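A quick write-up on the structure given underneath.
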Amino acid sequence: MPASTFLTNDIVTFEALDVLENTDAALINLNSEYSDQFEFGGAVLGQTLSIRKPPRYIGRLGQAAQIEAITETFVPLTLSYQRGVDTQVSSQQLTLEIDNYRNRVLKPQIVRLSNLIDQDCCNLAQGLNNFVGVPNTTPSALTTYGLAKVKLDNMAAPDDDGRCAFLNPIADFTLMDNLKGLFHNGKEIASQYDSGSMTKSSTLGMRWYMDQNIYVQTVGTLGGTPTTNGVPANGASTIVTQSWTSTTLNAGDVISFISTSTPVNGINPQSFQSTGQPMQFVVTATTSDSGGAMTIPIAPAIYSSGNLQNVTNLPASGTAIYVYDTPAANFANISALTSPQNLVVHKDFGTIAMVDLPLPGGTDKAYRAASKKSGKSIRVIRDYVALTDQWIQRLDVLYGTAVLRQELGCRVGG
């Protein structure tokens, strides 16, 4: 039997990166192209990068030029999270063969670390305004996810291999079980049967993944028969409302404005045509009513004209307000419920930027491994405690997440 080799810190670091790159669905599939925009080795917690969104244009008909302003909008991407897992490793453990060390020591560390990162990625659901389904009701039909696909299509999401669905375990199994009698690719049916999961399926033109870290939204406490109070300005990011009763809307709740006479429908951002469906807005900060009145912060800002137009009309004063597509008469059915927010998204709806941490001096070993392909970076520091013959080993990652383009994502209530 070959002699054991003392594991060096660079071997451990690259093994750690390899495990990190291959765990957890949302973490693997989210856009990570902005990682190299931060200063190499000098990024710090709290640093912010402004991500430029593509400008939109209306276009013209005829020969006469119609000059349009170049209106650029930006999304802040802040390095909000420094996460890590710290352990003590004995000299004996460091003499393990690399495969044994990977499975016994390193992999459990990275699995926990990647789960924490994946949770932060899944929590981006709170910033999405598109929603289908019913809060606290696990979808059992493919139709619900098909409606989420319609939302993406109506919002001109790229129809390519970047589309993904992320489902919590019960939603994943429920859908797989309900699809077993439908026509499907034989190999995919066999895979679903063997795994008990939709994972790796390509149904509805998207890749499906089970993710146990799906964000759970708590619906606010709802009451009253709310309506708008006045007409918001074009480009407003707050809506003045009235006629609530003992209500708190939580950050992440979804509202819409329903009127048959002046519909507030969504606009396709490429064709500028009505989608025929009410535009939805996400509440950006927890807000309570005062005497029935409430000014609600929303995203996206509401535009009825111009190159950022996203609704057919601004809501007229007195327009009814629905919460999660639910009218006031049925608020009691969803008030204060918890609801997993499964996701149907294009990978560019959001981003994770994981940056290179500096390497300190005065330690036994400090190594960093990064991958340009995946945008992942991890630092491993090891120091020796002579009294106990122990090696303190800490793993660190520094990263930020952000919703880049709300229109490229849809939440599916569960």
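Apply the Karplus curve 6.51 cos²θ - 1.76 cosθ + 1.60, θ = phi - 60°, to the phi angles in segment 382-395 and return the couplings in whole Hz, x for Gly and Pro.
These are the phi-based 3J(HN,Hα) values: 10, 9, 9, 10, 5, 4, 10, 6, 10, 10, 7, 10, 10, 10 Hz.
Along the Cα→Cβ direction, 7 angstrom out, place labels at residue 293 and residue 50. What is the inter-label distance in nm?
Distance between the two pseudo-spin positions: 3.4 nm.
With each pseudo-label sitting 7 Å past Cα toward Cβ, what's the residue 258-residue 277 distance in nm, one decimal?
With each label placed 7 Å out from Cα toward Cβ, I get 1.5 nm.
Using +1 at the Cβ of each Lys and Arg and -1 at the Cβ of each Asp and Glu in the chain, identify which of 275, 82, 291 lies farthest towards the dipole's positive end.
Towards the positive end, the residue furthest out is 275.
Can you show me the helix-derived [θ] at 222 nm for the chain, built from DSSP H runs with n ≥ 4 at -39,500 (n - 2.57) apiece and divided by the number of residues, rounded to the nearest 500.
-5000 deg cm²/dmol
With a 1.4 Å probe and all protein chains left in place, how much accessible area per residue does the chain have, in Å²?
With all protein chains present, the chain gives 45 Å² per residue.
Kindly write out, for segment 64-78 in residue order, the coupling ³J(HN,Hα) from the Karplus curve 6.51 cos²θ - 1.76 cosθ + 1.60 (θ = phi - 60°), rounded to whole Hz, with x marking Gly and Pro.
These are the phi-based 3J(HN,Hα) values: 6, 5, 10, 5, 10, 5, 8, 9, 9, 10, 10, 10, x, 10, 10 Hz.
Work out the length of the dipole vector of segment 258-414 about its Cα centre, built from +1 on the beta-carbon of each Lys and Arg and -1 on the beta-carbon of each Asp and Glu, and round it to the nearest 20 debye.
That gives a dipole near 540 debye.
Beyond 20 Å, what share of the Cα-Cα pairs of segment 317-414 is found? Please give it as a whole percent.
65 percent
Quick one: which residues, 5+ away or cross-chain, put their amide H under 5 Å from the amide H of residue 390? H built at 1.01 Å from N.
385
For the pair residue 285 and residue 245, what calculated FRET efficiency results from E = 1/(1 + (r/R0)^6), where r is the Cβ-Cβ distance and R0 = 22 Å, to the nearest 0.05?
Between residue 245 and residue 285 the formula returns 0.60.
Relative contact order of the chain, please, whole-number percent, based on alpha carbon pairs below 8 angstrom and at least 6 residues apart.
Taking the mean separation of contacting Cα pairs over the length of the chain, I get 27 percent.
Size of the dipole of the chain about the Cα centre, Lys and Arg at +1 and Asp and Glu at -1 on the beta carbon, nothing else charged, in debye to 20? Display every interim value, and only then the final one.
On the way: 27 positive and 34 negative charges, 90 e Å.
Roughly 440 debye, rounded to the nearest 20.
Carbon and sulfur atoms: what percent of the 1.4 Å accessible area of segment 281-368 do they account for? Provide the component values of the computation, followed by the final result.
Working: 1540 of 3130 Å².
Carbon plus sulfur share of accessible area: 49 percent.
Roughly speaking, what is the stretch gain from residue 383 to residue 363, that is 0.36 nm per residue apart minus the C-alpha to C-alpha distance, in nm to one decimal?
Net length gain for the segment: 6.7 nm.
Taking a spot 7 Å from the Cα of residue 60 along the direction of its beta carbon, which residues of segment 252-273 have an amide N less than 20 Å from it?
It comes to 271-272, nothing else.
I'd like the Karplus ³J(HN,Hα) series for segment 372-377: coefficients 6.51, -1.76, 1.60, θ = phi - 60°, whole numbers in Hz, and an x wherever there's a Gly or Pro.
My calculation for segment 372-377 gives 5, 5, 9, x, 8, 8 Hz in order.
Can you list residues whose amide H is under 5 Å from residue 73's amide H, if they're 5+ apart or on another chain and H is modeled 1.01 Å from N?
For residue 73, the qualifying residues are 53.
Which parts of segment 342-383 would a label at residue 78 reach, counting a residue when its backbone N lies under 19 Å from a point 7 Å out along Cα-to-Cβ?
350-355
The values are calculated or read from the model by the stated rules, or taken from the named source; none is laboratory data. Given the structure is predicted, the values throughout are model-derived calculations rather than measurements. Ideal geometry is used to build each Cβ from the backbone, glycine not excepted, and the neighbour counts take in all protein chains shown. Please note that ligands, DNA and RNA were not included when accessible areas were found on the heavy atoms of the full protein model with its side chains. Shrake-Rupley method; radii C 1.70, N 1.55, O 1.52, S 1.80 Å.
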